[in-house]
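Asks: Mind having a look at this structure? Questions to follow.
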Amino acid sequence: MERTLAIIKPDAVERGVIGAIIQRMEAADLRIREMRLVRLTKADAEGFYAVHRDKPFFDNLTDFMSSGPVVVLALEAPDVIRHWRRLMGVTDPAKAGRGTIRREYGTSIETNATHGSDAPETAAFELDFFFKAAHR
Ligand code: CMP
């Protein structure tokens, strides 16, 4: 069994597709172990995305992620990190495969509807960021 951190981003919350996205998770047998609606501060977003600190898109990304509420979830399933990333599709919605969440609900590489941890180490950091020891 594995866990990952998923985020339904401000663009998707604003468009009213929280339910549609959670339905995809449940249909794929990804179990929701923790879930919360939160409004990140700019500093929260900077801490969460610290690995991207030196990227040119960091300031825009952290502005966007603190622009409105997000839903954070701890998902559990075998191989869930890869599975959730497959369901989301690649970062840029324009390049994401048909039927993926980002293709369907994302509108740009920044407003791309969802986030998912990319490896076990980042999943551990990101789960701790929102759920501390509760996810274990
Ligand atoms: P996410 O999976 O949340 O991880 C980092 C985010 O940075 C990514 O999704 C994108 O939404 C955002 N981002 C914005 N611009 C870029 C870019 N040029 N390349 C990659 N990611 C970007």
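Since every read-out is calculated from the coordinates, none of them should be taken as a lab result. Just so you know, these numbers come straight off a predicted model, no measurement behind them. We place every Cβ from the backbone using ideal geometry, glycine too, and count neighbours over all the protein chains shown.
Asks: Separation between the residue 60 and residue 23 pseudo-spin-labels, each 7 Å from Cα along Cα→Cβ, expressed in nm?
Replies: Going by the 7 Å Cα→Cβ label model, 3.1 nm.
Asks: Using only the alpha-carbon atoms of region 2-131 as identical scatterers, what base-10 log of I(q)/I(0) does the Debye formula give at q = 0.11, 0.12, 0.16 Å⁻¹?
Replies: So the normalised log intensities work out to -0.33, -0.40, -0.74.
Asks: Separate question: Return the long-range amide H neighbours of residue 35 (sequence gap of 5 or more, or a different chain), with a cut-off of under 5 Å between placed amide H atoms.
Replies: Under 5 Å from the amide H of residue 35: 74.
Asks: Another question, if that's okay. Quick check on packing: order 93-106, 63-76 by the mean number of other C-beta atoms within 10 Å, highest mean leading.
Replies: Ranking, from highest mean packing down: 63-76, 93-106.
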